[in-house]
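> First the structure, then my questions, so here it is.
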Amino acid sequence: MNYTKELLENDRVKFTVEVDEEQWKQALQEAYIKTKGKFNIPGFRKGHAPRAFIERMYGTAIFYDDAMDIVLPKSYNEILDKEPDLFPVDRPDVKISAISDSTFKYTAEVQLKPTVKLGQYSGLEFTVDKVKVSKEDVESEIKSARDNAGWWEEVSDRPAQNGDKVKIDYSGSVDGIKFDGGTAEDYELTLGSGTFIPGFEDGVVGMNVGESKDVEVTFPAEYHADNLAGKAAVFAVKVKAITVKKIPEADDEFAKDVSEFDTFKEYEADVKEKIKQRREDQAKAKLEQEMVKKVVENSEVKIPQCMIDEEAEEMVNEFGYRLSYQGLNIEDYYKYTGTTKEKMLGDYAERATESVKTRLVLEALIKEAKLEVTDKDTDAVLKEMAEKENKTLEEYKKDFNEHYMAYVRNEAMTRNLMKYLKSSNTVK
């Protein structure tokens, strides 16, 4: 196979290719073997007619299309193997320039990964947020932990109050007629939560266990059921149980129950340290995002539409994948929201453009800075993954799925890049 290449404007390349005569003839023979079973030739069983008889009846070009399907990808890939510095990002636009029983020539024009013009990425100044943890922050975190550790106890010596959980039977009616979905038994409702129709929970407040009462409410004008929207209703309610939430005291016993510490003082100090660590991680992530954003803003790259389209398509697919985890189908999502895939692709276009530009700029910066990933770098990432599963690095490596190695290397490279940017710029 012989070929020439011509670099065009806008990061495109054109290959002019002449396939070897023997290679083309072999492809024609393969095409014959692959498709001969489709032909009925008088005097021969189906699939057993010699190639010459088939070509005599249908013409010598009968196998050209199938032969091209064989030889085109093979020859095109051979060219790419010989041109490792070229990175196509789209399917090639192929045009046949000559074809016969002994000749096959074509041109293939394709979009390459665009050239990035890096802007200033060193000597910049960034500010990282200073982390502070107040006494109120710690108290709020512990209050939430105490609330999560709380339990419910039944009470019968007082009426229901906001914050109580009540078990009720209710039956709703409009103009004396019961409506669908308006009746329930042993329904548990936390008073003051605002989860029921406005006015209903207020009507239950003050009721005692065993008491029955009619609660009058008005459905909201924007209620999802048109037959009830804006209408007055009466709910016959019976309170069957009242429970109140008990919150544990902030003492040593509570600390022992919710942590590995024996005293509340130790637990409190650990809470403060964890809040600090969490906020430091957030500040670090914010700094890194700002650094990347600035480097990308300072750089120039003309992104081909095919890369934007592919990225937007990937984003829509990822959205559909997340929906499937919730038991939903993206086609149903289109139906219920009145949108279409085409509209979603358009909505994602701006984000897709920014995502592609960021990736291209960072790839160019990594190449410019000659950053590499070593075994030590990947081991550092694997060690963290191992610690999350309470394993040693050796134990984790033993069962590690190599399919995730690309993720590990990418994470290691990202860390190296962030180190490089922090060392090349001023962080206050």
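The values are calculated or read from the model by the stated rules, or taken from the named source; none is laboratory data. Since this is a predicted model, take the numbers as computed values, not measurements. All Cβ positions, even for glycine, are placed from backbone atoms using ideal geometry, and neighbour counts span all protein chains on display. These accessible areas exclude ligands, DNA and RNA; they are computed on the full protein's heavy atoms, side chains included. Shrake-Rupley method; radii C 1.70, N 1.55, O 1.52, S 1.80 Å.
> Looking at region 130-166, which of its residues are within 14 Å of E249 (Cα to Cα), open to solvent by less than 70 Å² (accessible area, probe 1.4 Å) and either of a type in the set (V, I, T) or touching a strand residue (DSSP E or B) at 6+ places or on another chain (Cβ under 6 Å) (or both)?
I142, G150 - these are the residues of region 130-166 that are within 14 Å of E249 (Cα to Cα), open to solvent by less than 70 Å² (accessible area, probe 1.4 Å) and either of a type in the set (V, I, T) or touching a strand residue (DSSP E or B) at 6+ places or on another chain (Cβ under 6 Å) (or both).
> Of everything in region 167-187, what is surrounded by 12 or more Cβ atoms within 10 Å (Cβ to Cβ) and of a type in the set (A, V, I, L, M)? Give them in sequence order.
I168, V174, A184
> Suppose we keep only residues that are open to solvent by 80 Å² or more (accessible area, probe 1.4 Å) and touching a residue at least 12 places away in the same chain (Cβ under 8 Å) within region 188-211. Which one would you say is farthest from I168 (Cα to Cα)?
Here the answer is P198.
> Any residue at all in region 87-99 that is out of contact with any Pro (no Cβ under 8 Å at 6 or more places or on another chain), at pLDDT 95 or above, assigned to a helix (DSSP H, G or I) and open to solvent by 60 Å² or more (accessible area, probe 1.4 Å)?
Scanning region 87-99 turns up no residue that is out of contact with any Pro (no Cβ under 8 Å at 6 or more places or on another chain), at pLDDT 95 or above, assigned to a helix (DSSP H, G or I) and open to solvent by 60 Å² or more (accessible area, probe 1.4 Å).
> Among (1) charged (D, E, K, R); (2) surrounded by 14 or more Cβ atoms within 10 Å (Cβ to Cβ); (3) not in a helix (DSSP H, G or I), there is one condition E30 misses while meeting the rest; what is its number?
So the condition that E30 fails would be (3).
> Does K422 qualify as being part of a helix (DSSP H, G or I), basic (K, R) and either surrounded by 15 or more Cβ atoms within 10 Å (Cβ to Cβ) or touching a Lys or Arg at 6+ places or on another chain (Cβ under 9 Å) (or both)?
In short, yes.
> Could you list all residues from region 218-243 that are outside any strand (DSSP E or B), open to solvent by 70 Å² or more (accessible area, probe 1.4 Å) and either closer than 14 Å to G176 by Cα or not charged (D, E, K, R) (or both)?
A221, H224, N227, K231
> A52 passes all but one of (1) surrounded by 14 or more Cβ atoms within 10 Å (Cβ to Cβ); (2) more than 27 Å from N2 (Cβ to Cβ); which number fails?
Evaluating A52 over (1) surrounded by 14 or more Cβ atoms within 10 Å (Cβ to Cβ); (2) more than 27 Å from N2 (Cβ to Cβ) leaves (1) as the failure.
> Follow-up. Considering region 319-333 alone, what residues qualify as being closer than 19 Å to D309 by Cβ and either surrounded by 11 or more Cβ atoms within 10 Å (Cβ to Cβ) or of a type in the set (A, V, I, L, M, F, W, C) (or both)?
F319, G320, I330
> Of the residues F261, F219, only one is of a type outside the set (S, T, Y) and either in contact with a Ser or Thr (Cβ under 8 Å, 6 or more places away or on another chain) or in contact (Cβ under 8 Å) with a residue 12 or more places away in the chain (or both); which?
Just one listed residue meets the conditions, F219.
> Sticking with this one: Would it be correct to say that G163 is under 30 Å from K265 (Cα atoms) and among the small types (G, A, S)?
Yes; evaluated as a whole, the condition is true for this residue.
> Any residue in region 4-16 that is open to solvent by 40 Å² or more (accessible area, probe 1.4 Å) and over 30 Å from P84 (Cα atoms)?
no
> Please work out which one of (1) part of a loop (DSSP other than H, G, I, E, B); (2) farther than 28 Å from N298 by Cβ is the condition L345 fails and give its number.
All conditions are met except number (1).
> Mind checking which residues of region 245-265 are surrounded by fewer than 14 Cβ atoms within 10 Å (Cβ to Cβ) and part of a helix (DSSP H, G or I)?
Selection gives E253, D257, K265.
> Evaluate the following for Y187: is it under 12 Å from A241 (Cα atoms), of a type outside the set (D, E, K, R), touching a strand residue (DSSP E or B) at 6+ places or on another chain (Cβ under 6 Å) and not in a loop (DSSP other than H, G, I, E, B)?
The answer is yes for Y187.
> Checking V215 against (1) over 24 Å from G150 (Cα atoms); (2) more than 45 Å from the chain's Cα centre (by Cα); (3) open to solvent by 50 Å² or more (accessible area, probe 1.4 Å): exactly one of these is not met. Which one?
(3)
> In addition: Residues in region 195-215 that are assigned to a strand (DSSP E or B) and over 17 Å from G181 (Cα atoms): how many?
3
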